[in-house]
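Colleague: Just dropping this structure here.
The values are calculated or read from the model by the stated rules, or taken from the named source; none is laboratory data. Being a predicted model, the structure only gives us computed values, none of them experimental. Quick reminder, even Gly has a Cβ in these numbers, built from the backbone with ideal geometry, and neighbours come from all protein chains shown. Quick note on the areas: whole protein, heavy atoms, side chains included, nothing else; ligands and nucleic acids left out. Shrake-Rupley method; radii C 1.70, N 1.55, O 1.52, S 1.80 Å.
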Amino acid sequence: MIGKELLPVDHFVPVAPTKESLEYADLRTLDLSRYDDGPEARAELAEELRLAMTTQGFFILINHGLTEDEITRQVDIGHHIITNTPVDEKKRLAAPIVEEGSYFGFKPLGHWQAGPGVRDRVENFNVYRDMKLRPQPETMHPYMPEVQSFIDF
């Protein structure tokens, strides 16, 4: 990643896990350390990924080469962007989900209907691999080299 001193950013603190006894889905685990084990191992990984994406849509990725600190740092930067970008800028940089089928930009709370009269409670910001292709929020500008380095990993 970037070898210079990192700009400060507030740490994101997630909500505590539920204390309810719930059944959770058993997600598939993809071990990327197997990638270099040859074509057969890569074919097996591809099949595991296909099954994960066509059955549950989620999976656990291990041995990918990123540290927990690097991942946490990106979550913190994302939290900074979501919480510090003004509403008018979020609207201006809204993802054209319906118009273009693109998720790059801000998705506001309540965009999707989860049921009759029930809107989603998820707000997010998606960035394209080449951040120069679309405008980015001002809150992201100081972190763009770091985020790009993470994307390019």
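Colleague: Does anything in the range 52-90 have its amide N under 14 Å from the 7 Å Cα→Cβ label point of GLU138, and if so which residues?
Modeller: Flagged as within label range: 84-90.
Colleague: Along the charge dipole of the range 30-153, which of TYR35, GLY78, LEU51 sits closest to the positive end, that is, farthest toward it, with unit charges on the beta carbon of Lys, Arg, Asp and Glu (+1, +1, -1, -1)?
Modeller: With unit charges placed on the Cβ atoms, the residue in question is GLY78.
Colleague: A further question follows. Of the labelled options (1) 28, 23, 18; (2) 43, 23, 14; (3) 23, 17, 15, which one gives semi-axes √(5λ) of the Cα gyration tensor in Å as computed for this structure?
Modeller: Among (1) 28, 23, 18; (2) 43, 23, 14; (3) 23, 17, 15, the one derived from this structure is (1).
Colleague: Right, another one. Going by amide H atoms built from the backbone, whose H comes under 5 Å of the H on ARG28, apart from near neighbours?
Modeller: It is ILE60, by chain and number.
Colleague: A follow-up question, please. Residue farthest toward the positive end of the dipole of the chain, with Cβ of Lys/Arg at +1 and Asp/Glu at -1: which of ALA25, PRO142, THR67?
Modeller: Farthest along the dipole direction, towards plus: PRO142.
Colleague: Moving on. Keeping all protein chains in position, work out how much accessible area GLU20 exposes to a 1.4 Å probe, and write it in Å² to the nearest 10.
Modeller: Roll a 1.4 Å probe over it and GLU20 shows about 130 Å².
Colleague: Quick one: P(r) of the range 1-52 from all Cα-Cα pairs, 5 Å bins, percents rounded to integers, in order of increasing distance.
Modeller: Once binned at 5 Å, the Cα pair distances of the range 1-52 give 4, 13, 12, 10, 9, 12, 18, 16, 6.
Colleague: How high is the FRET efficiency from PHE153 to VAL98, r the C-beta distance, R0 41 Å, rounded to 0.05?
Modeller: Efficiency for this residue pair is about 0.85.
Colleague: Let me have the 222 nm mean residue ellipticity of the chain computed from DSSP H runs of 4+ only, each contributing -39500 (n - 2.57), with the sum over all residues rounded to the nearest 500.
Modeller: The helix contribution divided over the chain gives -10000 deg cm²/dmol.
Colleague: Restricting to Cα pairs below 8 Å that are 6+ residues apart, what does the relative contact order work out to for the chain? Please round to a whole percent.
Modeller: Averaging sequence separation for qualifying contacts and normalising by length gives 22 percent for the chain.
Colleague: Between ALA46, ALA16, ALA114, where does the largest GNM mean-square fluctuation fall for the chain, given springs only between Cα atoms within less than 10 Å?
Modeller: Checking each option, the largest mean-square fluctuation is seen for ALA16.
Colleague: Using a 7 Å offset from Cα along Cα-Cβ at THR83, what residues in the range 128-146 end up with backbone N under 11 Å from the label point?
Modeller: Flagged as within label range: none.
Colleague: Sort out the exposed loop trypsin sites (Lys or Arg not before Pro) in the chain (DSSP loop, at most 10 other Cβ within 10 Å) and tell me the longest stretch that has none.
Modeller: 20-120
Colleague: Under a Cβ-only charge scheme (Lys and Arg +1, Asp and Glu -1), can you give me the dipole magnitude of the range 1-115 about the Cα centre, in debye to the nearest 20?
Modeller: Approximately 480 debye in magnitude.
Colleague: How far is the Cα center of the range 82-119 from the Cα center of the range 1-55, in Å?
Modeller: One Cα centre to the other: 25 Å.
Colleague: Scan the range 1-86 for chymotrypsin sites (Phe, Trp or Tyr not before Pro) in coil per DSSP, keeping those whose Cβ has at most 16 other Cβ atoms within 10 Å, and list them by number.
Modeller: Counting only loop positions with at most 16 other Cβ atoms within 10 Å, the chymotrypsin sites (Phe, Trp or Tyr not before Pro) in the range 1-86 are PHE12, TYR24, PHE58.
Colleague: Keeping all protein chains in place and using 1.4 angstrom, which order do HIS11, HIS141 fall into by accessible surface area, from largest down?
Modeller: HIS11, HIS141
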